[in-house]
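A short write-up of the structure that comes next.
The values are calculated or read from the model by the stated rules, or taken from the named source; none is laboratory data. All of these numbers come straight from a predicted model, not from anything done at the bench. When we count neighbours, we look across all protein chains shown, and the Cβ atoms used for this are built from the backbone with ideal geometry, even at glycine. Please note that ligands, DNA and RNA were not included when accessible areas were found on the heavy atoms of the full protein model with its side chains. Shrake-Rupley method; radii C 1.70, N 1.55, O 1.52, S 1.80 Å.
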Amino acid sequence: LLNFNRAQILDYLRANKLTYCEDSSNLDESFSRNHIRQSILPSIEKRFPSAPEAVLRLGKIQAEESHYLDQLTENRFGRLVKFSPGGAAIINCRRFTGEPVMFKRRLIRKALERVSGLLQNIDYDTIERILELSTTSSGASSLSGGLRAKVERGEMFISLGAGVRLKKVALSGSLKTHLPEIASYIKMKEIAASEAHLARKRNGLTVYLNPSALEGNLVVRSASTGDSFRPLGMKGAKSLGDFFTDLKVPTPLRREIPLLCDRRGIVWVAGYQIADRVKLDANAIRKHHKNKQIGALEVKIVREKY
């Protein structure tokens, strides 16, 4: 009905003998929208009779152009904005800087909407603060609505608060254990040691462990202060913080990395490395051919939506 004014609508109702009701609050000018309708627009129309048609025409043009820009933004969004398993937006600052500012604002707005799930508290000042932050080599900013933006090593991370923390959960046999915070599940099964693949894979999400080296039940959790373990091939223990720093793991994403742990501590930093004490070495595989009781534990994480 945007293309029809009030008089035209009332004429239609009278001509068709239709009744209608009107909300009495529509006349209350304490609401800004009513003040605009009741006082400001009539005053403008009195001086400029064609103003309503001009406003409608401008609105139509703007809607058509905005729709086209939204399509262009969508194309750029897939190339410039990625999301971590925990839902944090990741923007490559160098590539982002080369975009026209109108697309930067739209990209940021879309990223904020995806991260927070709504558009509340996403105002001009918030977007401008993120734009300014994207030009720095490092820094962070707390935003309204519990949002946080941080630039680190040429990337900008936008997340809710300090990011996702996994709820501690115990693994149960061969059943899937869901990790809803990162839209994944973890599953384990016993296999023959000869079926294990011991080659290292960058960011691998499947590992093979020596079940006899595990102590107690296995659980999955997020990193905690003071965590340490002995990574595969190392002679001594290393703090988890130093381990992440050496591998240049972004600080905003560290808490959403699953840690597989037994009673003694970290068994596997998912996607990165297992503890040396639970390795399944070549000797175990050779022994398997003589002793069929020696096996391996296959543990894998599967992304459900990422």
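Observations, loosely collected:
- Taking each residue of region 152-169 that is part of a strand (DSSP E or B) and modelled with pLDDT of 90 or more and looking for partners that are among the small types (Gly, Ala, Ser) and open to solvent by 40 Å² or more (accessible area, probe 1.4 Å) with beta-carbon atoms closer than 7 Å, six or more apart or interchain, yields GLU152/SER138.
- Residue in region 218-253 that is farthest from GLY271 (Cα to Cα), counting only those that are free of Cβ contacts under 8 Å to residues at least 60 places away in the same chain and hydroxyl-bearing (Ser, Thr, Tyr): THR225
- Residue in region 180-231 that is nearest to ALA88 (Cα to Cα), counting only those that are in contact with a helix residue (DSSP H, G or I) (Cβ under 8 Å, 6 or more places away or on another chain), outside any loop (DSSP other than H, G, I, E, B) and open to solvent by 50 Å² or more (accessible area, probe 1.4 Å): GLU181
- Where ARG37 falls short, out of the listed (1) outside any helix (DSSP H, G or I); (2) at pLDDT below 95: (1)
- Scope region 110-139; condition assigned to a helix (DSSP H, G or I), β-branched (Val, Ile, Thr) and over 12 Å from LYS150 (Cα atoms); matching residues: VAL115, THR126, ILE127
- Condition met for ARG109 (more than 30 Å from GLY295 (Cβ to Cβ), open to solvent by 50 Å² or more (accessible area, probe 1.4 Å) and touching a residue at least 24 places away in the same chain (Cβ under 8 Å)): no
- Residue among ARG303, ARG286 that alone is in contact with a strand residue (DSSP E or B) (Cβ under 6 Å, 6 or more places away or on another chain), modelled with pLDDT under 90 and open to solvent by 50 Å² or more (accessible area, probe 1.4 Å): ARG303
- If you check ARG95, ARG114 for being under 19 Å from GLU256 (Cα atoms) and modelled with pLDDT under 95, only one passes: ARG114.
- Qualifying residue in region 56-72 (condition: in contact with a helix residue (DSSP H, G or I) (Cβ under 8 Å, 6 or more places away or on another chain), in a helix (DSSP H, G or I) and among the aliphatic types (A, V, I, L, M)): yes
- Taken together, the residues in region 153-179 that are among the hydrophobic types (A, V, I, L, M, F, W, C), open to solvent by less than 30 Å² (accessible area, probe 1.4 Å) and farther than 30 Å from LEU80 by Cβ amount to 1.
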